[in-house]
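> I have a structure I would like to understand better, so I am pasting it below and will then ask my questions one at a time.
The values are calculated or read from the model by the stated rules, or taken from the named source; none is laboratory data. This one's a predicted model, so the numbers in the text were calculated from it and none came from an experiment. Cβ sites come from the backbone with ideal geometry, for glycine too, and all protein chains shown count toward neighbours. SASA here: full protein model, heavy atoms, side chains in, ligands and nucleic acids out. Shrake-Rupley method; radii C 1.70, N 1.55, O 1.52, S 1.80 Å.
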Amino acid sequence: MNRKKENYILPDQKLAARRSGKQADIERDMFHLGEDAAMLGQGKKYYIRTYGCQANVRDGETMAGMMELMGYTRTEIPEEGDVLIFNTCAVRAAAEERVLGEIGSLKPWKNAHKGKIIALCGCMAQEEAIVRRVLDSYRQVDLIFGTHNIHRLPDLLHRVSTSGERVVEVLSEEGKIIEDLPVKRTSSCKGYVNIMYGCNKFCTYCIVPYTRGRERSRQQEDIIREIAELKNEGAKEVILLGQNVNAYGKDLKIEDGFTKLLEAAAETGIERIRFYTSHPRDYSITTIEAMRKYPNIMPSLHLPVQSGNDEILRRMARGYSAGSYRKLVDEMKERIPDITFTTDLIVGFPGETDEQFRDTLDLVDYCRFDMAYSFVYSPREGTPAAKMEDSIPLEVKKERLQILNQKLSGHASANNAKYLGQRLKVLCEGRSKKNENMYAGYSEHNKLVNFSGPEGLEGEIVEVEITAVHSFSLDGKAVANPV
Ligand code: SF4
């Protein structure tokens, strides 16, 4: 059998690579297309499947931009693609197994189409155990690259295509931020804008600091320029992205950097600004004041709490107590009375007792969240929590999740009731997934609204009268176009 040669840079080889000057090469050629690479995609198609958070969505947009610069056109049908890119998430084990299942199912297709390329990237590619597993058991994967070298996609693809080698390039340390990569946005009415990369918090359950590296902030002027460009291109909304946006600028030694950035973003005059994800520990009162001062900073906040019990929060290394979280929510509600809150919650952290779980339910009752991403704890190899003793049976954890979700759904319904009969400004993002004859979009308070209206509302901010409310969405009809 004619086995492909393999060409790897694995995380543990990174320092050696740096010493040998390979890293300097990688950084120097950041994004260049020789003539060959620029012709690589002529007449060919690419498919990108993105999993996980908005940071991954934004990475997917960059990769799409690079693919199209190489001449590839996009397809939404995997089997039609000449290059299939799996842009993965490592936050939960179940999601990883799903990705591997999907890649596994492509084996017969790949065997029948030898020239096609399957690539694995994103956070899973930063996990050495996953890389080794894919190399050993998923030979249909031709290319593996990590979160720190997305800009290398054209060169890596060129190498796979021209040499027939299996290529792995995963850097364990983040390099400098690379600006001006091409981008193919998934939406013309709203744009994701990275403000920083990585995280320094090291919550004990979380793999992100290991897969995305330490905090690195983009320069404020680069961010503001990107927002202004989006506005000029017709976008109505920007979403500022970072694992912990409140830490923006700390590495650049900018005091209160996130608030300053938020204010500068608001001054661009873009109609809507949102930001994800906030950390309760770093939240500054000045940020709340900026939200109050600028009407184009939307009055909704995603503020992950994870647990309502102080001992669990301590073992998660979250750096705040349930009491200080409640106080923060109170302060925000006092300043912005109509603010809406969403959160993240983990059920069944190692050793969580019934009583500790009840503390989470109490906090949920207190904060009355509009929505929450709630999950049973998923151990991630290499994190401190994965080594903690855990005697709670899975059935108990699942039962707790059910109880929690019922509570969350009840609060969400009650919160939404007040919108019945109101007129809300909704950014129309396109056709509704629920009903093709309706539109879908988000209100200022980040409520999903499905609504009817005349043709041509896509991309506009529309006034919608709410005619029905549900736990996690609202129904309505357009009464004015556009606002
Ligand atoms: S703040 Fe904690 S949970 Fe969020 S990305 Fe950083 S380590 Fe993970």
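> With respect to Gly430, is the statement that it is on the phi > 0 side of the Ramachandran plot, within 26 Å of the chain's Cα centre (by Cα) and buried (at least 19 other Cβ atoms within 10 Å of the Cβ) true?
No.
> Which residue out of Arg326, Arg315, Arg358 is crowded, with 19+ Cβ neighbours inside 10 Å and outside any loop (DSSP other than H, G, I, E, B)? Steps first, please.
Numbers: Arg326 fails: crowded, with 19+ Cβ neighbours inside 10 Å; Arg358 fails: crowded, with 19+ Cβ neighbours inside 10 Å.
Testing whether each residue is crowded, with 19+ Cβ neighbours inside 10 Å and outside any loop (DSSP other than H, G, I, E, B) leaves just Arg315.
> Does Arg214 satisfy the condition of being basic (Lys, Arg) and buried (at least 17 other Cβ atoms within 10 Å of the Cβ)? Quick ask: steps written out before the conclusion?
Numbers: basic (Lys, Arg): yes; buried (at least 17 other Cβ atoms within 10 Å of the Cβ): no.
Considered against the rule, which asks whether it is basic (Lys, Arg) and buried (at least 17 other Cβ atoms within 10 Å of the Cβ), Arg214 comes out as no.
> Suppose we keep only residues that are more than 16 Å from the ligand (Cβ to nearest atom) and out of contact with any helix residue (DSSP H, G or I) (no Cβ under 8 Å at 6 or more places or on another chain) within region 329-350. Which one would you say is most open to solvent (accessible area, probe 1.4 Å)?
Result: Glu334.
> Filter region 156-172 down to the residues that are in contact with a Lys or Arg (Cβ under 6 Å, 6 or more places away or on another chain) and within 21 Å of Cys89 (Cα to Cα), then identify the one that is most open to solvent (accessible area, probe 1.4 Å).
By that ranking, first place goes to Ser172.
For every residue, the table says whether it meets (1) under 18 Å from Ile195 (Cα atoms); (2) in a loop (DSSP other than H, G, I, E, B); (3) open to solvent by 40 Å² or more (accessible area, probe 1.4 Å).
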position: Ala266; (1), (2), (3): yes, no, no
position: Ile288; (1), (2), (3): no, no, no
position: Pro295; (1), (2), (3): no, yes, yes
position: Leu301; (1), (2), (3): yes, no, no
position: Pro304; (1), (2), (3): no, yes, no
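> Could you check region 85-188 for helices (runs of 4 or more DSSP H) lying wholly inside it with 3 or more residues that are of a type in the set (Asp, Glu)?
Working: elements: 93-105, 107-112, 128-137, 153-163.
Output list reads 93-105.
> Here are Glu436, Glu458: which of them is open to solvent by 60 Å² or more (accessible area, probe 1.4 Å), within 20 Å of Arg274 (Cβ to Cβ) and not in a strand (DSSP E or B)?
Details: Glu436 fails: within 20 Å of Arg274 (Cβ to Cβ).
Among Glu436, Glu458, only Glu458 is open to solvent by 60 Å² or more (accessible area, probe 1.4 Å), within 20 Å of Arg274 (Cβ to Cβ) and not in a strand (DSSP E or B).
> For region 268-281, give me each residue that is of a type in the set (D, E, K, R) and either open to solvent by less than 40 Å² (accessible area, probe 1.4 Å) or within 16 Å of the ligand (Cβ to nearest atom) (or both).
Let us first name the residues in region 268-281 that are of a type in the set (D, E, K, R), namely 271-272, 274, 281.
If the condition is that a residue be of a type in the set (D, E, K, R) and either open to solvent by less than 40 Å² (accessible area, probe 1.4 Å) or within 16 Å of the ligand (Cβ to nearest atom) (or both), then Arg272, Arg274, Arg281 are the ones that fit.
> Which condition number does Asp251 fail, the rest of (1) within 16 Å of the ligand (Cβ to nearest atom); (2) surrounded by fewer than 20 Cβ atoms within 10 Å (Cβ to Cβ); (3) of a type outside the set (Ser, Thr, Tyr); (4) in a loop (DSSP other than H, G, I, E, B) being met?
Result: Asp251 fails condition (4) only.
> Sticking with this structure for a sec: So is Gly191 away from the ligand (no atom under 16 Å from the Cβ) and modelled with pLDDT of 95 or more or not?
Spelling it out, Gly191 is indeed away from the ligand (no atom under 16 Å from the Cβ) and modelled with pLDDT of 95 or more.
> Could you please let me know if Ala372 is within 16 Å of the ligand (Cβ to nearest atom), open to solvent by less than 60 Å² (accessible area, probe 1.4 Å), in contact (Cβ under 8 Å) with a residue 60 or more places away in the chain and not assigned by TED's automatic domain parsing to the domain that holds Glu127?
Here the answer is no, as Ala372 does not meet what is asked.
> Still on this structure, I have one more. What do you reckon, is Ala247 under 18 Å from the mean Cα position of the chain (by Cα) and either farther than 20 Å from Ile144 by Cβ or without any contact (Cβ under 8 Å) to a residue 40 or more places away in the chain (or both)?
yes
> A further question follows. Can you find a residue that is aliphatic (A, V, I, L, M), under 20 Å from the mean Cα position of the chain (by Cα) and open to solvent by 40 Å² or more (accessible area, probe 1.4 Å) anywhere in region 97-105?
No, the conditions are met nowhere in region 97-105.
> Please verify whether Ile227 is open to solvent by less than 10 Å² (accessible area, probe 1.4 Å), aliphatic (A, V, I, L, M) and not in a helix (DSSP H, G or I), treating the condition exactly as stated.
no
> What number of residues within region 230-245 are in contact with a strand residue (DSSP E or B) (Cβ under 9 Å, 6 or more places away or on another chain) and in a helix (DSSP H, G or I)?
Final tally of qualifying residues: 3.
> Looking at region 317-328 only, could you name the residues that are of a type in the set (Gly, Ala, Ser), more than 16 Å from the ligand (Cβ to nearest atom) and in contact (Cβ under 8 Å) with a residue 24 or more places away in the chain?
Ala322
> Among the residues of region 46-101, count how many are in contact with a Cys (Cβ under 8 Å, 6 or more places away or on another chain) and polar (S, T, N, Q).
3
> Which of the residues spanning region 196-213 are within 6 Å of the ligand (Cβ to nearest atom) and among the basic types (Lys, Arg)?
Lys201
> Give the residue that is nearest to Gly191 (Cα to Cα), with candidates limited to residues of region 55-84 that are of a type outside the set (Ser, Thr, Tyr) and assigned to a loop (DSSP other than H, G, I, E, B). Lay out the reasoning, then the answer.
Pass one, region 55-84, residues of a type outside the set (Ser, Thr, Tyr): 55-61, 63-71, 74, 76-84.
Filter again for assigned to a loop (DSSP other than H, G, I, E, B), leaving 70-71, 76-77, 81-82.
Values: Met70: 23, Gly71: 23, Glu76: 20, Ile77: 24, Gly81: 26, Asp82: 27 Å.
Taking the candidates together, the pick is Glu76.
> To continue, here is another question. Within region 195-207, track down each residue that is under 16 Å from the mean Cα position of the chain (by Cα) and open to solvent by 20 Å² or more (accessible area, probe 1.4 Å).
Result: Tyr197, Cys206.
> Pick out the one residue from Glu389, Glu399 that is more than 26 Å from the chain's Cα centre (by Cα) and either closer than 15 Å to Leu457 by Cα or part of a helix (DSSP H, G or I) (or both).
It is Glu399.
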